[in-house]
Every structure is written in C-alpha cells, then in structure tokens.
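The values are calculated or read from the model by the stated rules, or taken from the named source; none is laboratory data. From a predicted model like this one, the values you see are computed outputs, not experimental measurements. Every residue, glycine among them, receives a Cβ derived from its backbone with ideal geometry; neighbour counts consider all protein chains shown. Quick note on the areas: whole protein, heavy atoms, side chains included, nothing else; ligands and nucleic acids left out. Shrake-Rupley method; radii C 1.70, N 1.55, O 1.52, S 1.80 Å.
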Amino acid sequence: MKTPIKYIIIIAVCTLLASAINIAGVFVLQRFGVIATAETDMKNLPYGFAVAINLVLALLSFPVFFNLTPRVRANVFYSAASFFVLPLLATISFTLAFAEEGWFAALLGLPYLIILTIFFIGSRRSHGKI
C-alpha cells in the first residue's frame with residue numbers, strides 16, 4: 001500500500017523534472033529567437049512562466065491522494081481521473097489564455113503531463129492493476 005509520502009514524492013519529482021525540462025526548453029527557444037526576442041527588461045519572463053505553470057500543475061495534482069482509498073485505487077478510471085483531470089484542464093486553459101502564444105503554454109504543460117503519465121503507469125503496475 002502506498003503512503004501519502006510516496007504521492008508527495010511523485011508530485012515533487014514531476015514538478016522538478018518538468019521545471020528543469022521547461023527551463024532548458026525556454027533557453028533553447030530563446031537562443032533560436034523563437035520567443036522573447038526583444039531586448040527588454042522582461043526577456044526572462046518565459047522562465048518565470050515555465051516554473052509558475054509547473055507549480056500550478058503541482059498544486060492541482062493533489063487529488064492524487066484519492067488513490068489512498070481502495071475504491072479509487074481499484075478502478076482504473078477513477079485512478080486516472082485523480083491523476084490527470086485537473087492538470088489537463090489547467091493545461092488546456094493556459095493554452096487558451098495565452099491567445100497568440102498558446103503553443104508555448106501547451107509546451108510548458110506537456111513535460112509535466114508526460115512525467116505524470118509515467119508515474120501513473122508505475123503506480124498501476126505496483127498495485128498489479130496493469
């Protein structure tokens with residue numbers, strides 16, 4: 001049986017890895033002149049967005065604790081919903097909110113969702129459900 005500490009570790013690792021990937025991605029996109037090309041004081045703002053979006057996704061991942069109950073853990077649909085519904089909705093809303101640069105918000109949310117998917121599959125395998 002998983003303990004709450006293991007779910008906190010899952011959220012923390014997802015946040016740290018996704019933030020590192022996003023910061024590297026922002027660095028590469030800036031070097032190729034795709035984003036933040038103007039010489040202004042806010043040239044580093046995309047780095048802040050990269051970390052902020054991951055922090056929001058981490059906070060919205062706390063329903064993963066519903067997997068501590070046997071009823072949710074036993075049902076694949078409920079378990080997947082507890083992992084993905086709120087982070088996926090947040091990523092979609094960020095994409096829509098960044099009207100002209102929606103692809104950028106989608107790219108910032110994608111690493112977190114991919115890493116969360118890996119942990120979801122690992123969690124299901126550890127419970128013998130996959």
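For the chain, relative contact order (Cα pairs under 8 Å, six or more residues apart, normalised by length) works out to 28 percent. A Förster radius of 25 Å, combined with the Cβ-Cβ distance separating residue 98 from residue 126, puts the computed FRET efficiency at roughly 0.10. Relative to the longest principal axis of the Cα atoms of the chain, helix 102-126 runs at roughly 20 degrees. Compute the helix-to-body angle for 45-59: its Cα long axis versus the longest principal axis of the chain, expressed 0 to 90° and rounded to tens. That helix lies at roughly 10 degrees to the long axis.
Residues 43, 6, sorted by accessible area with the largest first, give 6, 43 [1.4 Å probe; ligands and nucleic acids excluded]. Stretching residue 85 away from residue 55 to a fully extended chain increases their span by 9.2 nm, per 0.36 nm per residue minus the current alpha-carbon distance. Inter-label distance, residue 20 to residue 39: 3.4 nm, where each label sits 7 Å from its Cα along the C-beta direction. Here r is the Cβ-Cβ distance between residue 31 and residue 8 and R0 is 30 Å; the resulting FRET efficiency, rounded to 0.05, is 0.30.
Of 110, 16, 45, the residue with the greatest mean-square motion in the GNM of the chain, using alpha carbon springs below 10 Å, is 45.
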